[in-house]
Amino acid sequence: MSRTIDAVVSPTQTNTIPADISGQMLDLDEDDDLEVFSKDLTLADGNMFNASMPTSPGSMVNQCKFEEDEESDSKDIFITVDNPESHVTAIETFITYRVLTKTTRSEFDNSEYEVRRRYQDFLWLKGKLEDAHSTLIVHPLPEKFVVKGMVERFNGDFIETRRKALHKFLNRIADHPILSCSEDFKVFLSAQAWELTTYKKQGPGFLSRMGETVRAVANSVRGVKNRPEEFTAIQEYVEDFSNKIGSLDKVTQRIVKEQKEYLEELKEYGPTYTLWSGSEEELAEQLKGVAGCIERCCKETEEQVGHLSDTLVPVLHEYVLCAETLKAVLRRRDNIQAEFEAKNEALATKKVDRDAESSDLGFVWGSLLGKNPEEARHQRQERLDGEIEELKEEIDKLEDRVEWANNALKGDWGRWQRSMRGDLKSAFLSTAEKNVDYYEKCSGVRFLSLPPIVLP
């Protein structure tokens, strides 16, 4: 069984996971092989663990469960995404998902809602939240297009994977102290399909959106001259995190692919010994024992591969998308500061122009044009004073906007880090425990199933 994942974490090691993994990310190159484990991100109950594993009240598993129970007691909105349905029209084929909401919030007219939403509706909600709160971290959605290697767009595995991701997306928003209070979020959860369609049409027009895009591109090209050090540090962290989590994601997907191929070969391997035992009377019992070992190991390997592909892979890929989201948030923060710096530069230029009006150059140009020099100078002074006042008002607003954007991002950054560390810690710990369980079961099969060979 050496082709299976070789990295086995002992039970004693599972209790020594550091409290903070953010500064201990693995230094990996894309081509380096990693030894990845398998386990569900959502911690399973004790029945899934081997009896020899530590499951004391102080263990990480029970600790995480206790924290989740505490959080659920304080929640006032619960959302479930389930029951996907396929819809076929003359133009397109698409999937809708049922969104069930239960809440005690006063801003909702009812305590329970049931609506159906398609992927485009989730995409609309994400866009609205990002427009309204440009430096808050909105949890990413699963990709719009079919993942690599998937032939059928609407097969069961793809739909279920997307359903889980959409469920997590809405619950992340529901847990957010600011995003969960958005009017767009409320409409998304409560409005019927036709009402949501009408509500969408109330947004800004195409020209307004185009103007915002052009301004954002201009600010991005201009760049930031004096970015605060704390945001430079965040940007460097995000780049490093993106590289590491991207490498883990790629290697884990490669391991899943190789393990599935190995499993198919293993399924063909056991029956060979069973057939062989029919022609070797003296070795029949031993050959059947080997076949039994392989069959049991095949079952355990299939379970392990299932955990790996259903749990660890989605978690890693989720944070690959989170890294891209963080980069976009940082760019939007930089764009706001770049616009603020550009206005300050424009204000300085206007002040220089106003001071230049008192020079003899203004008198000469006014005489050449046949105008009263004093009157022309006065008109230009008034125009420049008006422009300067307008710029000062815009700068005051932008200064407030920059301050709000910085504070919002700093607060959300800490919240995102706690969530990320909790998710990855739970995933890696449970994966290690599952790996130990897998190898213990395979080792037990090898020694208990084979009968002794009696030599004549």
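The values are calculated or read from the model by the stated rules, or taken from the named source; none is laboratory data. If you're wondering where the values come from, they're calculated on a predicted model, not measured in any experiment. We place every Cβ from the backbone using ideal geometry, glycine too, and count neighbours over all the protein chains shown. Note: areas computed on protein heavy atoms with side chains; ligands, DNA, RNA excluded. Shrake-Rupley method; radii C 1.70, N 1.55, O 1.52, S 1.80 Å.
Could you compute the FRET efficiency for residue 382 and residue 327, with r as their C-beta to C-beta distance and R0 at 56 Å, rounded to 0.05?
0.75
Please compute, for the alpha-carbon atoms of the range 237-349, the extent along each of the three principal axes and give them in descending order in Å.
99, 16, 15
What distance in nm separates the simple spin-label points at residue 87 and residue 144, each placed 7 Å from Cα in the Cβ direction?
Between residue 87 and residue 144, the simple spin-label model gives 1.8 nm.
For residue 285 and residue 299, compute 0.36 nm times the residue count separating them, minus their Cα-Cα distance, and round to one decimal in nm.
Taking 0.36 nm per residue and subtracting the Cα distance, the gain is 2.9 nm.
Give me the net charge of residue 328's neighbourhood, meaning all other residues with Cβ under 12 Å from the Cβ of residue 328; Lys, Arg count +1, Asp, Glu -1.
Its environment carries a net charge of +2.
For the range 80-144, what is the convex hull volume of the alpha-carbon atoms per residue, in Å³?
For the range 80-144, the hull spanned by Cα atoms encloses 131 Å³ per residue.
Can you compute the modelled spin-label distance between residue 390 and residue 268, with each label point 7 Å from Cα toward Cβ, in nm?
The two pseudo-label positions are separated by 7.6 nm.
Any idea how far apart residue 354 and residue 232 come out in nm if each label point goes 7 Å out from Cα toward Cβ?
3.3
Grab the Cα-Cα distance for residue 403 and residue 110, subtract it from 0.36 nm times how many residues apart they are, and report the gain in nm with one decimal.
Details: separation 293, 0.36 × 293 = 105.48 nm, distance 3.68 nm.
Full extension of this stretch gives 101.8 nm more.
So how exposed is residue 334, as accessible area in Å² (1.4 Å probe, rounded to 10)?
Surface accessible to solvent at residue 334 totals approximately 20 Å².
Could you calculate the contour length gain from residue 276 to residue 183, that is, 0.36 nm times the residue separation minus the distance between their Cα atoms, to one decimal place in nm?
Between residue 276 and residue 183, full extension yields 26.5 nm more.
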